[in-house]
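K.L.:
Here it is, the structure, as structure tokens.
The values are calculated or read from the model by the stated rules, or taken from the named source; none is laboratory data. Given the structure is predicted, the values throughout are model-derived calculations rather than measurements. Quick reminder, even Gly has a Cβ in these numbers, built from the backbone with ideal geometry, and neighbours come from all protein chains shown. Heavy atoms of the whole protein, side chains included, go into the accessibility calculation; ligands, DNA and RNA do not. Shrake-Rupley method; radii C 1.70, N 1.55, O 1.52, S 1.80 Å.
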Amino acid sequence: LLQEGDTLGVFQIESSGMRELLRKFKPTVFEDVISIIALYRPGPLQSGMVDDFILRKQGAKPITFQHPMLESVLRETYGVIVYQEQVMQIASHLGGFSMAEADELRRAMGKKLMAVMDQKRVDFVGGCRKNGIPESTAVEIYELMVKFAEYGFNKSHSAAYALVTYRTAYLKANYPREFMAALLTIERDNTDKIVEYVAECKNMGISVLPPEINQSFSNFTVTKEGAIRFGLSAVK
């Protein structure tokens, strides 16, 4: 559904990278869209974790958990820590942190406050030990959480964009003329965008008719013949 140049909320797909990633990933549920938006950033892409994520999703690599208690937290992301909220859940569920303490850990990781992270490591390992988790396993899990701090993303933030992404992709796929007319109207004061989206209409096989005093409205509109009539408000 997604093509180069699509506007997805505040995200602008400037290259074929996202399209190629989506073809590999083959999202099947809404949570997949949330994940891919969170992961489509330099850190995860360069670290190779996106490829690992895709392989797990496709069943080409087994989904494993360092401890059975992690499954309830990481099941939806195929055993990979993707969101800041998951760090908080792990700290609470395995390490016995209160949610306030878990949020302190999240913020420390986000700002790379090593002194705080080192202290939280001691607290986390001790909490895990109380839950019957071996110290070596607890240390391994904490190291994964520290590594996650390099690329962590907020799930609620990603989910909001994923909803806009899904809706706009659906509209473009099922109501392409109306979608493009609305997009052109929104960008009517931006000549560069108008040129870009008129070219996109041409690629989609949609005719954009020139402004006509007896036919045009203020906004871009879809004609009975299925073309888009140029809106007068976009004329300089």
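K.L.:
How many angstrom separate the Cα center of segment 167-236 from the Cα center of segment 32-49?
P.N.:
Computed from Cα coordinates, the inter-centre distance equals 32 Å.
K.L.:
Could you state the orientation-averaged shadow area of the convex hull built on the Cα atoms of segment 30-123, in nm² to one decimal? Can you show the working numbers first?
P.N.:
Working: hull surface 26.2 nm².
Quarter of the Cα hull surface area: 6.6 nm².
K.L.:
Output the 0 to 90 degree angle, nearest 10, between the alpha-carbon long axis of helix 135-148 and the longest principal axis computed from the alpha carbons of the chain.
P.N.:
30 degrees
K.L.:
Round to the nearest 0.05 the FRET efficiency obtained for residue 58 and residue 114 when R0 = 30 Å and r is the Cβ-Cβ distance.
P.N.:
Details: r = 36 Å, r/R0 = 1.22.
The calculated FRET efficiency here is 0.25.
K.L.:
Where a Cα-Cα gap under 14 Å defines reach, which aspartates and glutamates qualify for residue 112, not counting those fewer than 8 residues away within the same chain?
P.N.:
Cα-Cα hits under 14 Å: 103, 104, 143, 150.
K.L.:
Tell me which GluC sites (Glu not before Pro) from segment 29-132 have a DSSP coil assignment and no more than 16 other beta carbons within 10 Å of their own. Walk me through the numbers before you get to the answer.
P.N.:
Values: sites: 31, 71, 76, 85, 101, 104; in loops: none.
Loop-located and lightly packed - none at all.
K.L.:
When all protein chains stay in place, what accessible area (Å², nearest 10, 1.4 Å probe) is found for residue 114?
P.N.:
Counting only protein heavy atoms, the figure is 100 Å².
K.L.:
FRET efficiency for residue 186 and residue 163, Cβ-Cβ distance as r, R0 = 25 Å, nearest 0.05? Could the numbers behind the result be given before it?
P.N.:
Values: r = 18 Å, r/R0 = 0.72.
The calculated FRET efficiency here is 0.85.
K.L.:
Let me ask you something else. For the chain, with a Gaussian network of springs between Cα atoms less than 10 Å apart, report the residue from 132, 43, 96 with the top mean-square fluctuation.
P.N.:
132
K.L.:
Just the number, please: carbon plus sulfur as a percent of the accessible area of segment 48-128, 1.4 Å probe, no ligands or DNA/RNA counted.
P.N.:
55 percent
K.L.:
With a 1.4 Å probe and all protein chains left in place, how much accessible area per residue does the chain have, in Å²? Don't jump to the answer; show the numbers that get you there.
P.N.:
Numbers: 12740 Å² over 236 residues.
Per residue, the chain has an accessible area of 54 Å².
K.L.:
Which FRET efficiency value, to the nearest 0.05, do you get for residue 45 and residue 170 by plugging their Cβ-Cβ distance into 1/(1 + (r/R0)^6) with R0 = 22 Å?
P.N.:
Numbers: r = 26 Å, r/R0 = 1.18.
Given R0 = 22 Å and the Cβ-Cβ separation, E is 0.25.
K.L.:
Please list, by residue number, every one of the trypsin sites (Lys or Arg not before Pro) in segment 80-147 that is coil in DSSP and has at most 16 other beta-carbon atoms within 10 Å. Let's see the in-between values first.
P.N.:
Values: sites: 106, 107, 111, 112, 120, 121, 129, 130, 147; in loops: 112.
Answer in residue order: 112.
K.L.:
Over the chain, consider all pairs of different Cα atoms and compute the Kirkwood hydrodynamic radius from their mean reciprocal separation; express it in Å, one decimal. Provide the component values of the computation, followed by the final result.
P.N.:
Values: mean 1/r = 0.0488 Å⁻¹.
This gives a value of 20.5 Å.
K.L.:
Can you list residues whose amide H is under 5 Å from residue 209's amide H, if they're 5+ apart or on another chain and H is modeled 1.01 Å from N?
P.N.:
Under 5 Å from the amide H of residue 209: 228, 229, 230.
K.L.:
Taking the chain as a Gaussian network, where each spring joins two C-alpha atoms under 10 Å apart, which residue of 100, 162, 181 fluctuates the most?
P.N.:
Highest fluctuation among the options: 100.
K.L.:
Write out the GluC sites (Glu not before Pro) in segment 128-236 meeting two conditions: DSSP loop, and at most 10 other Cβ atoms within 10 Å of their Cβ. The partial results should precede the final answer.
P.N.:
Details: sites: 135, 140, 143, 150, 178, 187, 196, 200, 212, 225; in loops: 150, 187, 212, 225.
Counting only loop positions with at most 10 other Cβ atoms within 10 Å, the GluC sites (Glu not before Pro) in segment 128-236 are 212, 225.
K.L.:
Could you pull out the pairs from 57/202; 26/61; 61/147; 193/236; 120/155 whose alpha carbons sit more than 26 Å apart here? Let's see the in-between values first.
P.N.:
Working: 57/202 35 Å; 26/61 15 Å; 61/147 21 Å; 193/236 14 Å; 120/155 22 Å.
From the list (57/202; 26/61; 61/147; 193/236; 120/155), the Cα-Cα distance tops 26 Å for 57/202.
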